[in-house]
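Every number in this text was worked out from the coordinates using simple rules, so none of it is lab data. Because the structure is a prediction, the values reported are computed rather than measured. Because the Cβ atoms are built from the backbone with ideal geometry, glycine has one as well, and the counts that use them run over all protein chains shown.
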Amino acid sequence: MTKYEFASEAWMHALHREIADMVRAAPAELRYSLCEVFTGVPKHLDRNGTGKLAWSCFVEGSHVQFTETERDDVDMKTTADYTYLIPLAHWHIDEETRAALNKYLEEGARDGKIVRAGDPARSPAILNGLHNAVIAFTA
């Protein structure tokens with residue numbers, strides 16, 4: 001599988017494709033939206049010259065609207081420091097790693113490296129494997 005640098009343009013395209021593939025068979029009534037904002041991005045990835053990158057996604061049934069923009073009108077929004085996210089971008093989540101992951105997220109929140117808004121429990125089951133699918137193409 002081809003791997004892409006975390007948050008690069010190619011990575012964003014792969015993320016969009018992955019979400020679209022995951023919801024291809026979603027029920028028509030599914031409505032869910034999310035946004036991630038990466039702060040302190042390396043200069044070579046800073047396409048906007050702002051020091052941050054973002055993506056947002058609105059899922060309606062099997063239709064996906066994906067843009068590289070920050071949105072507040074979403075069900076779940078995560079804003080985090082790019083460097084802090086690098087270990088997470090390679091962290092396979094399963095029952096054995098979940099406790100360590102939760103500890104890492106709690107410490108990151110306490111240190112101001114990650115802020116989450118919304119209810120993670122609202123994420124539809126059809127997207128449960130998204131994180132692990134994304135690490136498969138993240139260099």
Ranking Leu15, Met76, Ser123 by how far each Cα lies towards the positive end of the charge dipole of the chain (+1 on Lys and Arg Cβ, -1 on Asp and Glu Cβ), the top one is Leu15
Assigning unit charges at the beta carbon (Lys, Arg +1; Asp, Glu -1) and nothing else, what dipole magnitude in debye, to the nearest 20, does the chain show about its Cα centre?
160
Between Asp94 and Lys52, what FRET efficiency comes out of the Förster formula 1/(1 + (r/R0)^6) with R0 = 30 Å and r the beta carbon distance, rounded to 0.05?
0.50
Whole-Hz Karplus ³J(HN,Hα) for the range 51-56, in order, using 6.51 cos²θ - 1.76 cosθ + 1.60 and θ = phi - 60°, x for Gly and Pro?
x, 9, 10, 8, 9, 9
Among (1) -0.84, -1.15; (2) -0.69, -1.22; (3) -0.65, -1.58, only one was calculated for this model; which label is it, if the read-out is log10 I(q)/I(0) by the Debye sum over Cα atoms at q = 0.14, 0.21 Å⁻¹?
(3)
Each label sits 7 Å from Cα toward the beta-carbon; between Glu60 and Arg116 the label points are separated, in nm, by 2.8
Note, the range 123-129: 3J(HN,Hα) by Karplus (6.51, -1.76, 1.60, θ = phi - 60°), whole Hz, Gly/Pro = x, goes 4, x, 4, 4, 9, 4, x
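Given a Förster distance of 30 angstrom, what is the FRET efficiency for Glu5 paired with Arg31, based on the Cβ-Cβ distance and rounded to 0.05?
0.40
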